[in-house]
Amino acid sequence: MLALLGRGGAAALGRAACSPALQAARGYARPVTRRRKDIPSQLDDLPPTMLKKDYANLPVMNSVDDVVRRLLSLEMASQKEKMRIKTQQLVEKVRRSPSDNGSFEVQVAILTARIRMFEEHLQRHPKDKNNKRRMLMDVDKRRKLLGYLRRVRYDTFENTCRQLGIQYSLPPPYTRRVTKRWLVKKAFCIKVYQEAQKLKAAERLKQRERQARARAARGQQGQEKLAQEKQGQEKQGQEGQGQEKLAQEKPAQEGTPV
């Protein structure tokens, strides 16, 4: 019989035949039953009897059968449909008007719903690196939007964080690890910057000299033009005086007797 069962079958038969105390003494491995954790979800507050988003506002839903109403409720809905309703609820808390669909507060609400969905998924599947990367991208985008709101409209920023339950923390100050390579690179960059400043200073000096020469040339031309105008006025004045003298001498000559 043992020959027919083989070594593995004989060992299994021996373990089945011995008592539990003997199994513990011999150190036999026992199957481990892992209890699945009950992870809280942001969708737990959605009642199962709530209708889906596409059928909630239809007037005909008041006269349908209970079976049809149950089929169109969240009890039979998918995770995607529940996420649409949850996102709409978060958007309604912070939107400025009923037609507001793209403000910074609405974008923060949509990103918050996505981030919480990824967090719940990663608690069940911690090795899912693709969704972890997506979550970190959404977190970074939401932090930028909240930082802009904090700088521009602080009251809106506080209201958004309070309504959505977000704990905003300031980013840490920038610090760089000082290494020999970084010091050499910094010294080289400073030297290049100083040489560039010297070249720019020489170029600025040449440009100033050219501008000064141009101003001097324009001033000399202006003086020559003024001198010519003055000479022309003096010449016109002399001609006018000569004409007046001729006009005075002509009546005198006409009045003298012959």
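Before moving on, here are some points about what is shown:
- Tyr168, Tyr154, Tyr148, Tyr174, reordered so the largest accessible area comes first (probe 1.4 Å): Tyr174, Tyr154, Tyr148, Tyr168
- Take Glu75: with every protein chain present and a 1.4 Å probe, its accessible area is about 90 Å².
- Rounded Å value of the spacing that divides the Cα centres of segment 91-152 and segment 212-244: 78
- Measuring only protein heavy atoms, the 1.4 Å probe finds Leu170 accessible over about 110 Å².
- Put Met137, Met83, Met117 in order of accessible area, highest first, and with a 1.4 Å probe you get Met137, Met117, Met83.
- Listed residue pairs exceeding 30 Å between alpha carbons, taken from Lys206/Lys230; Lys52/Lys144; Lys82/Lys129; Lys127/Lys180: Lys206/Lys230; Lys52/Lys144; Lys127/Lys180
- Of Asp44, Asp38, the residue with the largest accessible area leads and the full order is Asp38, Asp44 (1.4 Å probe).
The values are calculated or read from the model by the stated rules, or taken from the named source; none is laboratory data. Quantities reported herein were computed from a predicted structural model and do not represent experimental measurements. Areas reflect the complete protein model, heavy atoms only, side chains present, ligands, DNA and RNA absent. Shrake-Rupley method; radii C 1.70, N 1.55, O 1.52, S 1.80 Å.
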